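*Asks:* Take this structure, written in structure tokens, and hold onto it; I'll ask about it next.
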Amino acid sequence: MSSEPNTHHNAGEGNLEPGDAGALPQGGGQGSAVDGITCDTSMSNNYHVHAFIGLYVNGQEIAIPDAAGIVNPAGESPASSDTDGWSNQEIYADCFYHIHTHDASGMIHLEDPDPSNAPITASLFTTGNFFDVWGLSVAADHFGPYQGAVTVYTSGQFARNAAGCDPKYNCEVGSTVYTQYTGDPTQVPLYSHEVVWYEVGSGNPDALHLPGILFWTKQ
């Protein structure tokens with residue numbers, strides 16, 4: 001998703017600055033705790049799962065940016081690299097919030113250093129936590145700078161950790177499982193391999209025509 005430049009992120013990516021169209025008044029995460037979520041110099045594998053957030057605006061799919069929730073990213077892993085299993089990932093930075101993106105695929109990394117907080121099947125974060133860390137204003141009538149009624153679809157609101165789904169990494173969510181979420185669009189729980197689609201405006205896919213999502217992490 002295109003956004004205004006931010007001094008703590010890559011130009012045109014990451015958090016929206018206060019005063020920019022679609023930004024929260026206080027901005028997003030700049031290193032201080034947001035919603036009680038800290039920004040740490042290393043990432044945890046005690047609780048480490050992935051979810052997906054996608055966005056359609058008037059029939060066009062818009063990418064969620066890389067480096068949201070990553071402060072002062074210092075560069076991507078090279079295309080030829082196999083560092084951490086992926087190439088072209090934002091993997092160097094001053095600190096990482098427990099909810100962040102490494103690329104523009106829509107994959108949201110959800111991590112917590114305290115293994116006693118909850119089992120891996122639990123949801124520790126909501127979409128609103130991600131938006132707050134990103135610095136994006138979302139409500140029933142807008143998604144950031146995009147104005148219009150917001151419709152939300154989810155893949156079922158549960159952790160997919162069986163039937164071929166690795167709890168931390170690999171899983172496929174088919175295109176026939178989506179249902180409309182009618183609650184607060186900022187309070188959608190994020191479970192392992194949960195898929196959440198946001199739609200603004202008209203001409204967007206209905207629940208039966210949204211894409212399926214393949215979560216796949218090279219190990």
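*Asks:* When you go through Gln187, Gln180 one by one, which is the residue that is assigned to a strand (DSSP E or B) and exposed (fewer than 14 other Cβ atoms within 10 Å of the Cβ)?
*Replies:* Sole residue among the options that is assigned to a strand (DSSP E or B) and exposed (fewer than 14 other Cβ atoms within 10 Å of the Cβ): Gln180.
*Asks:* For the stretch 136-159, name all the residues that are at pLDDT 95 or above, assigned to a loop (DSSP other than H, G, I, E, B) and crowded, with 22+ Cβ neighbours inside 10 Å.
*Replies:* Once the filter is applied, which keeps residues that are at pLDDT 95 or above, assigned to a loop (DSSP other than H, G, I, E, B) and crowded, with 22+ Cβ neighbours inside 10 Å, the stretch 136-159 yields only Ser155.
*Asks:* Consider the stretch 167-177. How many of its residues are surrounded by 17 or more Cβ atoms within 10 Å (Cβ to Cβ) and in a loop (DSSP other than H, G, I, E, B)? Explain how you work it out, then say what you get.
*Replies:* We begin by selecting, within the stretch 167-177, every residue surrounded by 17 or more Cβ atoms within 10 Å (Cβ to Cβ); these are 167-169, 171, 173.
If we keep only those that are in a loop (DSSP other than H, G, I, E, B) as well, we get 167-169.
Going through the stretch 167-177 one residue at a time, the tally reaches 3.
*Asks:* What number of residues within the stretch 192-219 satisfy the criterion of being surrounded by 24 or more Cβ atoms within 10 Å (Cβ to Cβ) and not in a strand (DSSP E or B)?
*Replies:* Matching residues across the stretch 192-219 total 3.
*Asks:* Related question: Tell me which residues, restricted to the stretch 95-105, are out of contact with any Cys (no Cβ under 8 Å at 6 or more places or on another chain) and surrounded by fewer than 21 Cβ atoms within 10 Å (Cβ to Cβ). Break it down into steps so the answer makes sense when it comes.
*Replies:* Of all residues in the stretch 95-105, those out of contact with any Cys (no Cβ under 8 Å at 6 or more places or on another chain) come to 98-105.
Passing the criteria: Asp103, Ala104, Ser105.
*Asks:* Based on this model, can you work out whether Ala162 counts as modelled with pLDDT under 90 and more than 16 Å from the chain's Cα centre (by Cα)? Don't jump to the end; show me each part of the working.
*Replies:* Numbers: modelled with pLDDT under 90: yes; more than 16 Å from the chain's Cα centre (by Cα): yes.
Yes; evaluated as a whole, the condition is true for this residue.
*Asks:* Continuing with this model, one more query. Considering only the stretch 131-150, state which residues are among the small types (Gly, Ala, Ser), under 28 Å from Cys95 (Cβ atoms) and in contact with a strand residue (DSSP E or B) (Cβ under 6 Å, 6 or more places away or on another chain).
*Replies:* Applying the first criterion (among the small types (Gly, Ala, Ser)) to the stretch 131-150 yields 135, 137, 139-140, 144, 148-149.
Within this subset, residues satisfying the condition of being under 28 Å from Cys95 (Cβ atoms) are 135, 137, 144.
Listed by number, the residues that qualify are Gly135, Gly144.
*Asks:* Which of (1) at pLDDT 85 or above; (2) surrounded by 15 or more Cβ atoms within 10 Å (Cβ to Cβ) is the odd one out, the single condition Gly59 does not satisfy?
*Replies:* Only one criterion in (1) at pLDDT 85 or above; (2) surrounded by 15 or more Cβ atoms within 10 Å (Cβ to Cβ) is unmet by Gly59, namely (2).
*Asks:* Still on this model: If you scan the stretch 151-200, which residues turn out to be among the basic types (Lys, Arg) and more than 19 Å from Ser105 (Cα to Cα)?
*Replies:* Taking the stretch 151-200 as the starting set, the residues that turn out to be among the basic types (Lys, Arg) are 160, 168.
Passing the criteria: only Arg160.
*Asks:* For the stretch 30-54, what are the residues that are more than 18 Å from His193 (Cβ to Cβ), touching a residue at least 60 places away in the same chain (Cβ under 8 Å) and not in a loop (DSSP other than H, G, I, E, B)?
*Replies:* Val34, Ile37, Asp40 - these are the residues of the stretch 30-54 that are more than 18 Å from His193 (Cβ to Cβ), touching a residue at least 60 places away in the same chain (Cβ under 8 Å) and not in a loop (DSSP other than H, G, I, E, B).
The values are calculated or read from the model by the stated rules, or taken from the named source; none is laboratory data. If you're wondering where the values come from, they're calculated on a predicted model, not measured in any experiment. Reconstructed Cβ throughout: ideal geometry from the backbone, glycine too, with neighbour counts over all protein chains shown.
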